[in-house]
Amino acid sequence: MKFEAVFVASFPSVDNLPGDSRAEIALIGRSNVGKSSLINAIADRRQLAKTSSTPGKTRLLNYFLVNGEFYLVDMPGYGFAKQAKSERFEWAKIAEKYFLDRDQLRAVGVLIDGRHIGLESDLTALRWFVETERPFFVVMTKCDKVKQSEIADHKKFLKSMIPQALGVFAVSSTKGKGLSELRKFIVESAISRNREAP
Ligand code: GTP
Ligand code: MG
């Protein structure tokens with residue numbers, strides 16, 4: 001599936017986001033879970049989104065235009081221990097506003113570390129999307145570090161715990177596992193939901 005991504009711009013808040021009506025798919029998750037790495041992997045571009053082994057790398061809402069058709073949005077991570085409380089609160093406010101008000105947003109990918117399923121901060125995020133009835137899907141990252149049998153168990157667990165999820169995916173950005181399935185899902189979610197819009 002074609003997935004040509006180009007960087008558009010970074011935004012510090014939700015006030016001046018792109019004004020066109022292209023659909024958006026956003027990726028969130030704990031700091032260091034692999035959001036930016038996943039964008040590079042699915043776009044097959046090594047340095048498109050900046051990554052780091054130190055949590056807290058992504059600080060802004062970073063917009064990537066895919067196939068000239070829709071935006072993929074890389075976001076700062078949550079649960080970043082070294083971050084000041086005030087900064088954390090500030091980010092939570094921005095994120096909440098974005099998730100609740102952004103009409104173009106078609107679905108949110110919640111990334112969770114395939115090795116650590118069920119962390120409180122992840123459950124809080126997932127519950128929030130369920131309660132606010134925002135469409136979301138789950139991506140287990142770093143699955144190169146997890147046994148195949150465990151991945152299958154985690155998938156089953158997540159599907160039963162949050163049946164509201166549009167999908168549950170298992171990927172490895174470093175090994176390229178599960179990427180084509182996710183790529184297809186993201187493109188189709190953005191495009192079909194584009195067409196559904198009035
Ligand atoms: P923030 O921007 O800080 O929120 O982090 P992020 O979620 O964007 O994480 P990032 O993509 O920067 O990756 C964090 C670390 O995880 C880096 O050291 C990556 O090399 C590593 N990483 C990302 N994806 C994978 C993967 O699939 N497998 C393994 N083993 N490591 C990965
Ligand atoms: Mg990042």
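The values are calculated or read from the model by the stated rules, or taken from the named source; none is laboratory data. Since this is a predicted model, take the numbers as computed values, not measurements. As a convention, Cβ positions derive from the backbone with ideal geometry for all residues, glycine included, and neighbour counts pool all protein chains shown. Protein only, heavy atoms only, side chains kept; ligands, DNA and RNA dropped before computing areas. Shrake-Rupley method; radii C 1.70, N 1.55, O 1.52, S 1.80 Å.
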Exercise. Hey, if you drop one equal point scatterer on each alpha-carbon of the chain and run the Debye formula without solvent, what base-10 log of I(q)/I(0) do you get at q = 0.11, 0.16, 0.19 Å⁻¹?
Worked result: -0.45, -1.03, -1.56
Problem set entry | Estimated 222 nm signal from helices in the chain, with DSSP H stretches of n ≥ 4 weighted -39500 (n - 2.57), rounded to 500 | -11500 deg cm²/dmol
Problem set entry | Local electrostatic count at Ser121 - Lys and Arg +1, Asp and Glu -1, tallied over other residues with Cβ under 12 Å | 0
Exercise. Separation of region 1-61 and region 122-155 by C-alpha centroid, Å?
Worked result: 19 Å
Exercise. Hey, got the Cα dimensions of region 69-119 along the principal axes, in Å, largest first?
Worked result: 36, 29, 16
Problem set entry | Antiparallel DSSP beta bridges within the chain, as percent of all bridges there, nearest 5 | 40 percent
Exercise. Distances over 19 Å make up what percent of all Cα-Cα pairs in region 45-156?
Worked result: 54 percent
For this session: Over region 21-87, with every protein chain in place, what whole percent of the accessible area is carbon and sulfur at 1.4 Å, could you tell me?
Result: 44 percent
Exercise. Which cross-chain or sequence-distant (5 or more) residues have an amide H under 5 Å from the amide H of Thr58, H modelled 1.01 Å from N in plane?
Worked result: Gly77
Problem set entry | Percent accessible area from carbon and sulfur atoms, region 92-184, protein chains only, probe 1.4 Å | 51 percent
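Express the accessible area of region 5-196 per residue in Å², computed with a 1.4 Å probe while the remaining protein chains stay in the model.
For region 5-196, the solvent-accessible area averages 50 Å² per residue.
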